[in-house]
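The values are calculated or read from the model by the stated rules, or taken from the named source; none is laboratory data. Since the structure is predicted, the reported quantities are computational estimates derived from the model, not experimental observations. Cβ placement follows ideal geometry from the backbone for every residue including glycine, while neighbour counts extend to all protein chains displayed. With ligands, DNA and RNA removed, areas are computed over all heavy atoms of the protein, side chains included. Shrake-Rupley method; radii C 1.70, N 1.55, O 1.52, S 1.80 Å.
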Amino acid sequence: GPVRAVAVSPDEKLFVSGSFDKTVKVWEASTGRVKFTLKGHTDKLASVTITADNKTVISGGADKSIRFWDLESGTERSS
C-alpha cells in the first residue's frame, strides 16, 4: 500500500517506512533492500521513527497503538 511515513536512522544506514498496508518496513540504505517487514498493527500506519541509539523503531498506527521494534532482530519489544 501507499507509504504514509518515513524515517532515517541517525547513522543513515537504514530507513523505515510505515504504510497503509499495516506494515513497517526496515530498508538498507546502501542497497535499497528490505531488511525486515514488521507486522502487528491492525490498521494503517501514521508515523515511524528510529531512536537516537539506532536500536528501536517506534511506530504509531490508526489502530491507536504504539509499537516498539528491535532494530537488530526485527521483533516486537514488549511495551
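For segment 8-50, a residue qualifies if it is in a loop (DSSP other than H, G, I, E, B), at negative phi and free of Cβ contacts under 8 Å to residues at least 12 places away in the same chain, and the qualifying residues are Thr31, Arg33.
Residues that are open to solvent by less than 20 Å² (accessible area, probe 1.4 Å) and hydroxyl-bearing (Ser, Thr, Tyr) were ranked within segment 5-51; the one that is farthest from Trp69 (Cα to Cα) is Ser19.
Every test in (1) free of Cβ contacts under 8 Å to residues at least 12 places away in the same chain; (2) within 17 Å of Asp11 (Cβ to Cβ) is passed by Ser73 save one, and that test is (2). Evaluate segment 59-71: report whether one residue or more is charged (D, E, K, R), surrounded by 17 or more Cβ atoms within 10 Å (Cβ to Cβ), in contact with a His (Cβ under 8 Å, 6 or more places away or on another chain) and assigned to a strand (DSSP E or B). Yes: segment 59-71 contains one or more residues that are charged (D, E, K, R), surrounded by 17 or more Cβ atoms within 10 Å (Cβ to Cβ), in contact with a His (Cβ under 8 Å, 6 or more places away or on another chain) and assigned to a strand (DSSP E or B).
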